[in-house]
Amino acid sequence: MPAQALPLFHLYGDPPDDQAFDFIHIETISSRSLLHDWLIRTHRHRDLFQILVIEHGGGDMTCEAAIMPFAAPCAIIVEPNVAHGFRFQPGKTDGWVVSFSADVAETLDEHSAEGLARLRTLAAKPIVPLDHAAELGRLVTLCNELDRERFLAREAHRIAMRAWLALIAIEAARLAASRARTGSVTLAPADPVVEALRRLVEDHFRSERQLAFYADRLAMTPDRLNDLVKRAIGVTAGHLIRQRVLTEAKRELVFSTRPVHDIAYDLKFADPSHFARFFRKQTGVTPLEFRLANGR
């Protein structure tokens with residue numbers, strides 16, 4: 001079994017909960033980060049989306065192997081399984097953290113589900129600057145209402161929490177889309193075939209690299225799968241598979257001290273030289289150079 005380079009939590013500090021379903025949670029940033037000296041170490045969640053609303057302060061976000069500074073006011077979108085962590089400015093940073101399980105998106109009404117599904121694509125650039133006080137104000141108001149429903153737990157509060165969550169997610173998605181290079185504010189749903197492919201890749205990327213395996217599971221030809229994925233997101237299905245392998249390799253190189261040859265064999269490369277050629281072709285540097293450049 002491979003060593004676990006990254007802690008896997010339900011909420012930060014809590015053990016994984018594979019039975020979590022219909023989960024919605026909200027808390028202030030300070031309530032948890034204060035307990036950890038304002039440092040949320042790099043970790044991941046198996047099935048949770050998170051939206052952070054930064055009202056005050058700032059800090060640095062670790063997102064996979066990258067470190068990204070952020071400052072209030074902004075929103076941060078984190079999708080399931082992404083390695084992430086935060087170093088907040090002590091005593092100066094506050095706002096909200098909204099966490100919700102992926103299944104929540106599938107049980108909302110049609111338009112709300114579109115907004116939530118869109119978050120997965122928009123989270124590729126997780127930090128969303130808020131250019132106007134009104135943008136921050138809307139998100140903070142919605143978060144306060146969601147927290148109020150959670151705290152009071154009145155009749156039908158679960159329905160009300162879903163409604164407030166949907167509005168938060170849609171507002172964050174609109175803001176993220178408006179900052180995208182295309183300038184698009186469209187909340188088009190994620191393509192179901194692409195999402196199914198992503199789930200399959202997540203389950204099998206260590207042992208299955210051939211496109212034919214995934215195409216067979218999705219009941220289509222490799223050419224059709226490649227064409228569909230290319231039209232939906234602009235890259236081929238093969239690219240998605242390679243990028244998932246590359247992401248795991250980067251995680252191991254940055255967040256563990258395992259020897260490069262161990263990482264190569266864990267990722268089912270025939271030998272370390274094959275792994276090194278793959279890594280250099282994708283990144284332009286060797287695995288060791290990448291590890292040294294990231295200083296960990």
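The values are calculated or read from the model by the stated rules, or taken from the named source; none is laboratory data. It should be emphasised that the depicted structure is a prediction, and the values quoted were computed from it without experimental measurement. Cβ sites come from the backbone with ideal geometry, for glycine too, and all protein chains shown count toward neighbours.
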- prompt: Just one of the numbered conditions (1) farther than 23 Å from Glu145 by Cβ; (2) out of contact with any Phe, Trp or Tyr (no Cβ under 6 Å at 6 or more places or on another chain); (3) of a type outside the set (Gly, Ala, Ser) is not true of His43; which one?
  reply: (2)
- line: For segment 1-21, pairs from a residue that is under 23 Å from Lys250 (Cα atoms) to a residue that is of a type in the set (Gly, Ala, Ser) and at pLDDT 75 or above, with Cβ under 6 Å and 6 or more apart or across chains, are Ala5/Ser256; Leu6/Ala83
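Give the residue that is farthest from Met61 (Cα to Cα), with candidates limited to residues of segment 15-37 that are over 19 Å from the mean Cα position of the chain (by Cα) and not in a helix (DSSP H, G or I). Break it down stepwise before answering.
Filtering segment 15-37 for residues over 19 Å from the mean Cα position of the chain (by Cα) gives 19, 28, 30-37.
Add one more test, that the residue is not in a helix (DSSP H, G or I), and what stays is 19, 28, 37.
Details: Gln19: 28, Thr28: 17, Asp37: 15 Å.
Restricting to residues being over 19 Å from the mean Cα position of the chain (by Cα) and not in a helix (DSSP H, G or I), the top hit is Gln19.
Inspect all residues belonging to segment 207-229 and state whether any of them is under 27 Å from Gly85 (Cα atoms) and either surrounded by fewer than 19 Cβ atoms within 10 Å (Cβ to Cβ) or free of Cβ contacts under 8 Å to residues at least 40 places away in the same chain (or both). Explain how you work it out, then say what you get.
Taking segment 207-229 first, the residues under 27 Å from Gly85 (Cα atoms) are none.
Within segment 207-229, none of the residues are under 27 Å from Gly85 (Cα atoms) and either surrounded by fewer than 19 Cβ atoms within 10 Å (Cβ to Cβ) or free of Cβ contacts under 8 Å to residues at least 40 places away in the same chain (or both).
Being surrounded by fewer than 19 Cβ atoms within 10 Å (Cβ to Cβ), under 29 Å from Ala163 (Cα atoms) and among the aliphatic types (A, V, I, L, M) is the requirement here; does Ala66 meet it?
Values: surrounded by fewer than 19 Cβ atoms within 10 Å (Cβ to Cβ): yes; under 29 Å from Ala163 (Cα atoms): no; among the aliphatic types (A, V, I, L, M): yes.
Considered against the rule, which asks whether it is surrounded by fewer than 19 Cβ atoms within 10 Å (Cβ to Cβ), under 29 Å from Ala163 (Cα atoms) and among the aliphatic types (A, V, I, L, M), Ala66 comes out as no.
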- request: Name the single residue, out of those in segment 247-296 being under 16 Å from Ala65 (Cα atoms) and polar (S, T, N, Q), that is nearest to the chain's Cα centre (by Cα).
  value: Thr247
Total residues in segment 237-261, condition in a helix (DSSP H, G or I), in contact (Cβ under 8 Å) with a residue 60 or more places away in the chain and farther than 19 Å from Leu211 by Cβ: 6
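So how many residues does segment 73-92 have that are without any contact (Cβ under 8 Å) to a residue 40 or more places away in the chain and surrounded by 14 or more Cβ atoms within 10 Å (Cβ to Cβ)? Walk me through it before giving the result.
Filtering segment 73-92 down to residues without any contact (Cβ under 8 Å) to a residue 40 or more places away in the chain leaves 80, 92.
Filter again for surrounded by 14 or more Cβ atoms within 10 Å (Cβ to Cβ), leaving 80.
Qualifying residue count, segment 73-92: 1.
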task: Among the strands (runs of 3 or more DSSP E) lying completely within segment 63-147, list those that include at least 1 residues that are in contact with an Asp or Glu (Cβ under 6 Å, 6 or more places away or on another chain), at pLDDT 90 or above and more than 22 Å from Arg46 (Cα to Cα).
output: 66-71, 94-101
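Going by what's in this entry, would Thr28 be described as among the polar types (S, T, N, Q), crowded, with 17+ Cβ neighbours inside 10 Å and in the same structural domain as Ala134 (by TED's automatic domain parsing)? Lay out the reasoning, then the answer.
Values: among the polar types (S, T, N, Q): yes; crowded, with 17+ Cβ neighbours inside 10 Å: no; in the same structural domain as Ala134 (by TED's automatic domain parsing): yes.
It is false that Thr28 is among the polar types (S, T, N, Q), crowded, with 17+ Cβ neighbours inside 10 Å and in the same structural domain as Ala134 (by TED's automatic domain parsing).
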